[in-house]
Amino acid sequence: MVQTRSSGHVAVAGVSQVGYRHITDLSFPEMIFEASRLALDDAGLSPGDVDCVFFGSGPEFFVGVNYPEMWCADAALGPGRPFARVHTGGTVGMATFAAAYYAVASGEYKVCLAVSGDKLTEGSVQAGLATVANPLYNRRFSAGAVGGAGLGFREIMARKGHTLDDATKIAVKQRRNALKNPHAHLRMEDITEEKVRNSRVISEPLRLLDSCPTSDGAAAMILVREEAADSLGKDVAWVRGVAACAEDSAWPGRDNVDRPEALLNAAKRAYARAGIKNPADEIDVFEFYDPFSYMEYLFLEYFGLASSPEEARELVHSGETGISGSIPAGASGGVLSANTIGCAAMARAVEAVLQVTGKAGDHQVAGAKTSLAHGWGGTFQFHVVAIFSKEKPE
Amino acid sequence: MKPVTSFEGRLSVPYHWHYGKVLSEFFEGLRNRKFLASKCPQCGRVSLPPTSFCGICYVPVSGDLMSISTVCRIDTFTVVRFKYPGQLLPPPYAVGVLKPVEADTRFHHLVRSENLDAINIGAAVKPVWREEREGEFFDIEYFEPVEK
Amino acid sequence: MKKGLDGKIAIPYNWTAGRATSRFLTALRDKAKFVASSCEKCGKKYLPPLSFCPACFERIENYIEIDAAGELLEYTVVHKNQQDDSSEEIPRVLGIVKIDGADTPFLHRILVHPEEVEVGMRVRARFRPEREGSILDVEGFEKE
Amino acid sequence: MKNRIAVTGWHESRFSEENAAQSTPEMIFEASHGALRRAGLTREDIDTVVVGSCDTADGISISNVYSVGASGAFLKDESKIEADGSFALYYAVLRLLSGSFNTALVVSWGKGSNFSRFHYWTMQWEPFYTRPLGLSHEEILALQARAFCRRTGFEDKHAEEVLMKNLGNAEANGNAVRTLRGIQCGARGEMAAEPLRDGDLTPRTDGACAVVLENADRASRKKRIPISGFGLSTSTYFPFWRDLSRIASAGEASSIALKSAGWAIDDVDFFEVVERTPYHEAMLAEAMGVGLKDYLGGEMKRINLSGGALGADPEPATGLVRVVQAAKIIAGDCEKTANRVLTLGTSGLGYQTCIAFALGEAQ
């Protein structure tokens, strides 16, 4: 195949979200079909325009089907096309987007569909997550992500000085943001700080309202090469930079609180690729992967938006991370308001795209030109970061 | 009759996970109430459980395992208070992230104490061994605070 | 020295049938009938039914009842159960049936003796008298 | 894709039916470390790592949680494709072609002795229409084989010839777990699902393998094995909705790969394919355009010099093992040497999706 290297510019021309809720009227493939079809419609493209497909979903034990992408192939334009599943745990939605990005940037394909989703309510998400734990060691008592969050939260409180009240602020902010997002799963009109404070402790010190719901849903993105984007004649989001970083779950010296190496590196690489020097000034919207309330403080610090835990707290307490603040974080309500795992990270990317294309509706951040999406997975060891912009990169 | 909207089933999938040579020795060590660790020849970092390679220096780690103190420090802990299907222990139970004082790695295990106030970040804990040990992680029943 | 650990991953599921399969399983349970779906655009008739057409990539709203009989396209005789605790009868015949009125073949047990089964024979679904909304409400296909 | 990406290193861990001496991460380290050594690179030289594995096989969800250190991915841009390892190679090739990375390590593994093959396959059947019938993989492989025989005149004796050919070839492959010498007469064993006998199914295998990729301008001419083309194609999910007697996905994947390499089928010296039964090797030969003549009583010289999956099948790594075997043939590590090898990997029930790589100089 004789080819010329493409300019490398890749745009997101269409997005979709199905859910997020307890979906009892669509089978897993039907949900994937809806997301794929809606994204095509949003892009104004027809099925025949799609050259390749990347599919994402969480662990097989969530839906109880091995290689679920094969079951869903007919629902995701698989037949006759290159079709493969990315599976990296919590990051999977972003990792699937990243795969589609590289597929288009490679010059091999003009249009790529990335579709990602899970139906967590069909099995047992906690039993499924317990199978992430090493069977030789802690699987017997692993309490999945919630247990891990309890451990992480306490360590962070001890070493960073964040308190339950600080976490309460985020829980309330995200649940209020969720009311503005039609796709948010957890909608609490009457949310108050008191309600969060009084909610049941699930894994000390974590409370129920510090935690995300269990959701079903799918999301899809249509990625296109520059010339295809130009010919569509519609607002697209340009991909400015994508980066990922992995660390082992238990390497000697690992310190997730003071030096989360994979997160720091993923952010640094994404900023470098996008040419971002001062993220607080240059990025208008942040969609962090925040299944637990206390995490926003970590992200503010490690994405270079706050220079200390104290400054992170100040940003939150002064409302700067609200929709109309200077560092809007999780305008959609975040993962705290809907967690499908299989597309929770892609939802961050979709939201980041909606923001820079001005289609975020009630939770639109005014004048957003550049946005950041983030996903994490495993034992906080996999991180993927992407930056989108309204303007085509130079 | 209501329409059929779902189909119930159950998976029960059997596995056998091999320890490999080094972990076989480690678990045999537990049977003998010992912590056997490995040390990377390049960076000198000590791993428990031991490994046969260093993922950072990316070199094989060979030679005999070294016996280290079984005393650990609690880096963080949680009390699990929710239930889920297939849970192997009934809640509530406390889980700690424990760092052996003579190793650079951490692991999770159960922590118990009659005096719950003794479970604290930074507290020293030691294993409580099962009477009948088989060469597996749960030869340690749980960890308890070291009496001062 | 112990060389490994035995374990099991055991999880209960309740799989959502969805638009198409809900119709199929309901008709199977209540009427002992097969329901296929028919793409409004290309006319292809899917059995088991799909609520979307993989070829046209459009939603399908049109469902039709079809006669659960057809022609045996291919079969195999299974002589071994791979799980020791399996209660499946052996030898058993498993076959693919081209159901009249559907464009996609159907896989199920063939209730014909291994020595009498042949490709091209006419077969018809045998339904269990007590049905609960499972594909096993069909015992298999017997000689018509 | 003329000479843009090259394979510069490869390694297989020691394969066996049950390797109790190594844990899964240890197999992964052996393969990855060996591939880097062969490429003359260190971990620092690697820009990205893509692994191909399956949680259901590992018995651990998000199993790369525990493979990062072993696969050399510590602080690297890592990703995981859940499929046959050759699909991970595909993603790594796309990553390199994008210009974002210059070097990649691709790692895949399967520890067949750790999981139940029945569960691995039966869980691939959807829960409503097919899984309740208690299906594994061999039933659909049997139906495909039957339909193929009916259409082409391929017979039981031909299948036996393919099996004996591959187990004979496996003799020269130090890493095969089943070879001609190791088996008695009546090697095909008892009937499993007609026409397949126990011996027609691939042996349970523990093993890992790894491949190093470099942008061709970076790799020295002497050491590189160019990837001149690749192709993928996918079929509808239900195997019985497809033409059972043909593997269309394999035909489409290989013809796209050949076209991108600028090769005709006769330009290919050898093929390394994932044949899950002897019948399926013949089906793949037909689908790829090699023709069936050699398989109906002729000499089968071009496919699976390594002994193929019938010699060792560390699923889901088996497709990447084919790439390693192809590299060895081209590099002159095997008895026979050649310039061009086409590999074929697969994922899904009854070859639902296939992937082909054209290795060797482009025309």
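The values are calculated or read from the model by the stated rules, or taken from the named source; none is laboratory data. Just so it is clear, the structure is predicted and the values come from calculations on it, not from any experiment. Quick reminder, even Gly has a Cβ in these numbers, built from the backbone with ideal geometry, and neighbours come from all protein chains shown. Note: accessible area is taken over every heavy atom of the protein model, side chains too, but ligands, DNA and RNA are not part of it. Shrake-Rupley method; radii C 1.70, N 1.55, O 1.52, S 1.80 Å.
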For this session: Take chain A, connect every pair of alpha-carbon atoms lying under 10 Å apart with a spring to form a Gaussian network, then pick out the residue of A:Gly342, A:Gly93, A:Gly358 with the largest mean-square fluctuation.
Result: A:Gly358
For this session: Run the numbers on chain A and let me know its relative contact order in percent, using alpha-carbon pairs under 8 Å that are six or more apart.
Result: 25 percent
Exercise. What's the angle, to the nearest 10 degrees (0 to 90), between helix B:20-31's Cα axis and the longest principal axis of chain B?
Worked result: 90 degrees
For this session: Show D:Trp241, B:Trp17 ordered by accessible area, largest first, where the area counts protein heavy atoms only and the probe is 1.4 Å.
Result: D:Trp241, B:Trp17
Exercise. Any idea of the total accessible area buried by the A-B contact, 1.4 Å probe, rounded to 100 Å²?
Worked result: 3100 Å²
For this session: May I ask for the percentage of alpha-carbon pairs in chain D that lie more than 26 Å from each other?
Result: 45 percent
Exercise. Mean separation of Cα pairs under 8 Å and 6+ residues apart, divided by the residue count of chain D: what relative contact order is that in percent?
Worked result: 25 percent
Exercise. So, with +1 on the Cβ of K and R and -1 on the Cβ of D and E, and no other charges, what is the size of the charge dipole of the protein assembly as shown about its Cα centre, to the nearest 20 debye?
Worked result: 980 debye
Exercise. When chain A is treated as a GNM, springs tying every alpha-carbon pair under 10 Å, which of A:Val353, A:Val63, A:Val242 comes out with the largest mean-square fluctuation?
Worked result: A:Val63
For this session: With a ≥ b ≥ c taken as the square roots of the eigenvalues of the C-alpha gyration tensor of the range D:19-104, please select rounded if a/c is under 1.5 and otherwise prolate if a/b is larger than b/c or oblate if it is not?
Result: oblate
Seminar exercise, completed: Within the protein assembly as shown, the percent of DSSP beta bridges that are antiparallel, given to the nearest 5, stands at 85 percent
For this session: Could you look at the range C:1-81 and say what percent of its accessible area is carbon and sulfur, using a 1.4 Å probe and all protein chains?
Result: 45 percent
For this session: Compute the acute angle (0 to 90°) between the alpha-carbon long axis of helix D:85-97 and the principal axis of greatest extent of the alpha-carbon atoms of chain D; round to the nearest 10°.
Result: 40 degrees
Exercise. Between the range A:201-223 and the range D:114-174, what's the alpha-carbon centroid distance in Å?
Worked result: 41 Å
For this session: Express in whole angstrom the spacing between the alpha-carbon centres of the range A:5-41 and the range A:48-110.
Result: 11 Å
Exercise. Among A:Gly334, A:Gly253, A:Gly233, whose mean-square fluctuation peaks in a Gaussian network model of chain A (Cα, cutoff 10 Å)?
Worked result: A:Gly253
Exercise. Ranked by accessible surface with a 1.4 Å probe, highest first, in what order do A:Asp216, A:Asp362 come?
Worked result: A:Asp362, A:Asp216
For this session: Determine the shielding of peptide A:18-29 by partner chains: average, over its residues, the number of Cβ atoms on other chains within 10 angstrom of each Cβ.
Result: 4
For this session: Could you tell me which of D:Ala208, D:Ala147, D:Val7 has its Cα farthest along the dipole of chain D towards the positive end, charges placed at Cβ (Lys, Arg +1; Asp, Glu -1), taken about the Cα centre?
Result: D:Val7
Problem set entry | Heavy-atom SASA rank of D:Arg146, A:Arg207, B:Arg133 (probe 1.4 Å, accessible area, largest first) | B:Arg133, D:Arg146, A:Arg207
Exercise. Do you know which residues of the range D:48-69 lose at least 50 square angstrom of accessible area in the protein assembly compared with their chain on its own, with a 1.4 angstrom probe?
Worked result: D:Thr56, D:Gly59, D:Ser61, D:Ile62, D:Val65, D:Tyr66, D:Gly69
Exercise. What angle do you read, to the nearest 10 degrees and between 0 and 90, between the alpha-carbon axis of helix D:248-261 and the longest principal axis of chain D?
Worked result: 40 degrees
Exercise. How many percent of the accessible area of the range D:37-87 is carbon or sulfur, using a 1.4 Å probe?
Worked result: 47 percent
For this session: Measure out, as a whole number of angstrom, how far apart the alpha-carbon centroids of the range C:18-34 and the range D:207-272 sit.
Result: 42 Å
For this session: Using only atoms on other chains, find how many Cβ atoms lie within 10 Å of each Cβ of peptide D:112-118 and report the average.
Result: 4
Exercise. Chains D and A: buried accessible surface, both sides, probe 1.4 Å, rounded to 100 Å²?
Worked result: 5000 Å²
Problem set entry | Whether chain C is rounded, prolate or oblate, judged on the alpha carbon gyration tensor where a/c under 1.5 counts as rounded | oblate
